[in-house]
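A quick write-up on the structure given underneath.
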Amino acid sequence: REENKQRKKAERKLRQIEKEKSTILDNMSELIVYRNKDMETVWASKSVADWHGISSGQIIGRVCYKARHGRDEPCPGCHVIETMKLKQRRELDTQSPDGKCWHVVVNPVFSDSGRVVGTIEVSQDITERKLAEEALRESEERLKILFESAPDAIYLIDSEGRFVEGNRAALELIGFARDEAIGKSLAEMDLLSTEQLSKAEANIRKVVTGNLSGPNEYILKRKNGSYVSVEVRTFPVKIGGKMLTLGIARDITAHKRTEKKLLEHQAKLKSLASQLSLIEERER
């Protein structure tokens with residue numbers, strides 16, 4: 001009698017566990033299907049029946065490709081068939097007729113002897129994720145276009161003064177190709193004189209502590225040996241957990257040349273005015 005009582009208690013506990021397991025699986029948003037080696041549906045979560053718009057009872061016994069594609073022949077490259085044939089887990093992204101995107105994972109189920117006796121398929125609706133990824137790609141593409149089309153040189157430098165990235169204008173300004181510049185320090189590219197290099201390194205140390213710097217003027221020595229005057233503003237940015245320096249440099253060579261000519265012209269005018277004053281004084 002005691003043994004019978006214990007058996008019934010164990011059975012009740014097992015039924016409770018099965019009920020709880022079924023409740024958990026039925027409340028999952030993923031579509032979960034267990035199929036036997038003949039590809040017949042042995043068990044399916046409630047979400048599968050809801051998605052097909054039929055009752056759970058109508059799902060049981062249905063063949064994979066017939067349930068999915070509405071015909072008696074499997075589709076070419078059917079992921080369930082491939083999983084059983086290769087005895088390997090398969091993952092793929094697919095799209096249903098209603099336009100939803102799904103990420104599907106199919107795992108083979110093995111017997112104790114190592115034979116494949118079925119598959120478990122878990123399908124997750126990733127439509128929103130795909131839309132978000134597409135929106136992110138479009139946003140990144142727009143930013144890339146803006147970055148590359150900017151007339152000013154825009155670049156990133158790490159805390160050691162090494163060139164991390166730059167737009168087309170930045171590379172044209174210094175005269176280096178991207179693969180020649182990335183990973184190189186300002187000193188290695190010989191862009192600045194010793195005095196100006198010290199000034200630039202001090203500004204980088206200032207920026208990586210979270211401070212802005214600029215505008216600062218530098219005279220850059222380009223790869224071909226020519227010189228260009230630039231006005232630089234630098235900002236602290238954090239990317240991937242690292243503090244970097246974002247620099248925006250503007251070529252002011254023409255402006256400096258015009259400024260020099262203007263100063264020379266002003267000096268001449270001042271000299272002429274002084275001479276005129278002396279002449280007038282002599283005449284008096």
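Just so it is clear, none of the values below were taken in a lab; they were calculated from the coordinates. Since this is a predicted model, take the numbers as computed values, not measurements. Glycine gets a Cβ as well: all are built from the backbone with ideal geometry, and neighbour counts include every protein chain shown.
A compact table of results
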read-out: Estimated inter-spin distance, GLU82 and GLU201, nm [label 7 Å along Cα→Cβ]; value: 5.6 nm
read-out: Degrees between helix 127-149 axis and first principal axis of the chain (Cα, 0 to 90, nearest 10); value: 10 degrees
read-out: Between helix 253-283 and the chain: long-axis angle, C-alpha atoms, 0 to 90°, nearest 10; value: 20 degrees
read-out: Separation of alpha-carbon centers, region 211-274 and region 129-147, rounded to whole Å; value: 34 Å
read-out: Volume in Å³ per residue [convex hull over Cα atoms, computed for region 159-204]; value: 74 Å³
read-out: Approximate spin-label separation ILE182-GLU128, in nm, with each point projected 7 Å along Cα-to-Cβ; value: 3.5 nm
read-out: Furthest towards positive pole of dipole, ILE32, ALA169, TYR218, structure part the chain, Cβ charges; value: ILE32
read-out: Label-point separation, LYS13 to LEU263 (7 Å along Cα→Cβ), nm; value: 9.2 nm
read-out: Calculated [θ] (222 nm, deg cm²/dmol) that DSSP helices of n ≥ 4 give over the chain, each run adding -39,500 (n - 2.57); value: -14500 deg cm²/dmol
read-out: Cα point-scatterer Debye curve for region 107-216, base-10 log of I(q)/I(0) at q = 0.12, 0.17 Å⁻¹; value: -0.62, -0.94
read-out: Relative pair counts by distance (%), Cα atoms of region 196-242, 5 Å bins; value: 5, 19, 24, 21, 15, 11, 5, 1
read-out: Relative pair counts by distance (%), Cα atoms of region 139-284, 5 Å bins; value: 2, 9, 15, 19, 16, 10, 6, 5, 4, 4, 3, 3, 2, 1, 0, 0
read-out: Ranked packing of 107-115, 43-51, most packed first, by mean Cβ within 10 Å; value: 43-51, 107-115
read-out: Dipole magnitude (debye, nearest 20) for the chain, charges at Cβ of Lys, Arg, Asp, Glu; value: 920 debye
read-out: Charge sum, other residues only, whose C-beta stays under 13 Å from PHE110's C-beta, Lys/Arg counted +1 and Asp/Glu -1; value: +3
read-out: Crossing angle, helix 2-26 versus the chain [Cα axis fit, 0-90 degrees, rounded to tens]; value: 40 degrees
read-out: For q = 0.10, 0.16 Å⁻¹, Debye-computed log10 I/I(0) when each Cα of the chain counts as one equal scatterer; value: -0.78, -1.18
read-out: Residue of LEU262, LEU92, LEU173 that the Gaussian network model of the chain assigns the largest fluctuation, springs spanning Cα pairs under 10 Å; value: LEU262
